[in-house]
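The values are calculated or read from the model by the stated rules, or taken from the named source; none is laboratory data. Keep in mind the model is a prediction, meaning the values are calculated, not measured. Here the Cβ positions follow ideal geometry from the backbone for every residue, glycine too, while neighbour counts run over all protein chains shown.
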């Protein structure tokens, strides 16, 4: 799940990233005999595409197994709404509010949030060039980051305050890890030294992500979390309140699906299949670019999960349930409820 700049669930339905795409849908083989009509529709139909949008076109359908048993995999996971049960941005803001009790943090946060929603609502429902729409959406996100900096919401926040606040958020269940993630990380990632693991997120603080995981008994090295950071935190200084890249410290932030795809491509390793796990439209390009894309879905689906499902339907990309899958083609997109389902599927298939 991608919190975007403020509240990703507020993104209106008219910001559909699938209207100008051309892609041959990815396919998979479910348990039993596939419905020929659905199978053909999922594997061969096309829609019009603007190739400049950068969303990868899926390859032709293949029925060969994707992996050999016990083959090392490269796992890349979203944070908000994927590893966690819901968006954690409010929890990060609450930490700053507690650190500066005399400052009207929540008042500024409400104002910034409303401005963000107003910006998204102002986007036209139909734009001829998909590339232009994507650019406008990123502009909306960047303006929100600028407002956050100007409002001083995170100004003065320290590394220690983030650590203590994250620990409290975990203990109070303000931040909850998705069911099965701890077991998945311990029994699969840690138990396989050859398995590569990383988190790719539009969240505003890498230290917050790592502190939440540490408070849950999960250690993830700093280099394995690609996200944004509050300026000053990495150096151990009180934050200026500006949101920057956690990796370089400059203003080239990760705020959009295209930003995540660019990082994802740099992270992919040619000698092992890539698995991307995400839950929102901000994850769609990485889900399509991975050898296996896994969409996290609750029952009922949240608004961002539903928008992602609708975008895949627009692209005519088949997205069956992971546990019903017995053989994957060259690339597939599937869905699962949680990491317990993912771990069970891996164990059943000896992967």
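On the stretch given as the stretch 98-107, residues that are closer than 23 Å to residue 209 by Cα, more than 26 Å from the chain's Cα centre (by Cα), free of Cβ contacts under 8 Å to residues at least 60 places away in the same chain and part of a helix (DSSP H, G or I) total 1.
When each of 243, 218, 209 is tested for being more than 17 Å from residue 81 (Cβ to Cβ), touching a helix residue (DSSP H, G or I) at 6+ places or on another chain (Cβ under 7 Å) and crowded, with 19+ Cβ neighbours inside 10 Å, the lone residue that passes is 243. Could you tell me whether any residue of the stretch 248-257 is surrounded by 22 or more Cβ atoms within 10 Å (Cβ to Cβ), modelled with pLDDT under 95 and not in a loop (DSSP other than H, G, I, E, B)? Scanning the stretch 248-257 turns up at least one residue that is surrounded by 22 or more Cβ atoms within 10 Å (Cβ to Cβ), modelled with pLDDT under 95 and not in a loop (DSSP other than H, G, I, E, B). The helices (runs of 4 or more DSSP H) found entirely in the stretch 268-351 that carry 2 or more residues being crowded, with 23+ Cβ neighbours inside 10 Å and within 14 Å of the chain's Cα centre (by Cα) are 284-289, 303-314.
Evaluated against (1) surrounded by 17 or more Cβ atoms within 10 Å (Cβ to Cβ); (2) in a helix (DSSP H, G or I), residue 164 falls short on exactly one condition, (1).
Of all residues in the stretch 108-122, which are assigned to a helix (DSSP H, G or I) and touching a helix residue (DSSP H, G or I) at 6+ places or on another chain (Cβ under 9 Å)? If the condition is that a residue be assigned to a helix (DSSP H, G or I) and touching a helix residue (DSSP H, G or I) at 6+ places or on another chain (Cβ under 9 Å), then 108, 109, 111, 112, 113, 115, 116, 117, 119, 120, 121 are the ones that fit.
Just give me the residues in the stretch 303-339 being in contact (Cβ under 8 Å) with a residue 12 or more places away in the chain, within 18 Å of residue 79 (Cα to Cα) and out of contact with any helix residue (DSSP H, G or I) (no Cβ under 7 Å at 6 or more places or on another chain), in sequence order. Selection gives 305, 337, 338. Checking residue 137 against (1) surrounded by 17 or more Cβ atoms within 10 Å (Cβ to Cβ); (2) at pLDDT 95 or above, only one condition comes out false. Which one? With respect to (1) surrounded by 17 or more Cβ atoms within 10 Å (Cβ to Cβ); (2) at pLDDT 95 or above, residue 137 is out only on (2).
Of all the residues in the stretch 221-238, those that are within 20 Å of the chain's Cα centre (by Cα), surrounded by fewer than 19 Cβ atoms within 10 Å (Cβ to Cβ) and part of a loop (DSSP other than H, G, I, E, B) number 1. When you scan the stretch 188-206, do you find a residue that is free of Cβ contacts under 8 Å to residues at least 60 places away in the same chain, surrounded by fewer than 16 Cβ atoms within 10 Å (Cβ to Cβ) and farther than 30 Å from residue 290 by Cα, even just one? No, the stretch 188-206 has no match at all.
Would you confirm whether or not the stretch 197-208 contains a residue that is within 20 Å of residue 249 (Cα to Cα), part of a helix (DSSP H, G or I), in contact with a strand residue (DSSP E or B) (Cβ under 8 Å, 6 or more places away or on another chain) and at pLDDT 95 or above? Yes: one or more hits.
Look at (1) assigned to a helix (DSSP H, G or I); (2) crowded, with 18+ Cβ neighbours inside 10 Å; (3) more than 19 Å from the chain's Cα centre (by Cα) and you find that residue 155 fails only one, number (1).
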